[in-house]
Amino acid sequence: MLLKEKKEIEAWLNEYRIINYKLVPNEEYGYVVNVNGDVILSYKYIDEIKVKFNEIKGNFLIDNNELNSLEGCPEIVNGDFFCNCNKLTSLKYSPKTVKSYYDCCFNSLTSLEGCPSIIYNSLNCNFNYLVSLKGCPEIINNNFYCSYNYL
């Protein structure tokens, strides 16, 4: 469940050492978080993202956790987006724009629905349970890694 109160959001961001952020009032979420830099939540053993991110000027790394959902992920990531090595079964709540590398390998995905329509660099969806390419981006500007699935 996403936090909505400003003090709770700030406490969560501080707990995970997220800096250079700005809270933007939002009717739906209370506040959304913009970050001028990277968000690195890799190897934190979290099972949920408790704040709603909006735009990340750098990388958004949530790999190697216990995530079942991408709820709380930003709308825009201007760098890399790594959600690999989690327990994801869906890309719902995935960023709509990722300006560099998108990595969702080593999850339990059966489709790519929710993936951005354009991948500005490479897409890695190796080692999932994909049975089709439904939801695959329309444009991948670099490499498409999709081995070790059920295609």
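The values are calculated or read from the model by the stated rules, or taken from the named source; none is laboratory data. On a predicted model such as this, the values are computed, not experimentally measured, just so you know. Cβ coordinates were reconstructed from backbone atoms using ideal geometry, including for glycine residues, and neighbour counts include every protein chain displayed. Surface accessibility is based on the protein's heavy atoms, side chains included, excluding ligands, DNA and RNA. Shrake-Rupley method; radii C 1.70, N 1.55, O 1.52, S 1.80 Å.
Numbers at a glance
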quantity	calculated
Net charge, Cys85 excluded, C-beta distance under 14 Å - Lys, Arg +1, Asp, Glu -1	-2
Pairs of alpha carbons in the chain whose separation is greater than 29 Å (percent)	14
Total formal charge among the other residues, if their Cβ is under 15 angstrom from that of Asn65, Lys/Arg +1 and Asp/Glu -1	-4
Using distinct alpha-carbon pairs, which all enter the 1/r mean, Kirkwood radius of the stretch 74-146 in Å	11.7
Relative contact order (%) - the stretch 92-146, alpha-carbon pairs under 8 angstrom, separation at least six	37
Contour excess over end-to-end distance, with Cα ends at Ser122 and Leu151 and 0.36 nm allotted per residue	8.5 nm
Relative contact order (percent, whole number), the stretch 7-72, Cα cutoff 8 Å, 6+ residue spacing	29
Sequence-separation-based contact order of the chain, relative, with Cα cut under 8 Å and 6+ spacing, percent	14
Within straight-line cross-link reach of Lys134, lysines at Cα separation under 23 Å, skipping those fewer than 8 residues along the same chain	Lys87, Lys92, Lys96, Lys99
Helix axis angle, 6-15 relative to the chain longest principal axis, alpha carbon, degrees	60
Probe 1.4 Å, accessible area per residue of the stretch 1-106, Å²	52
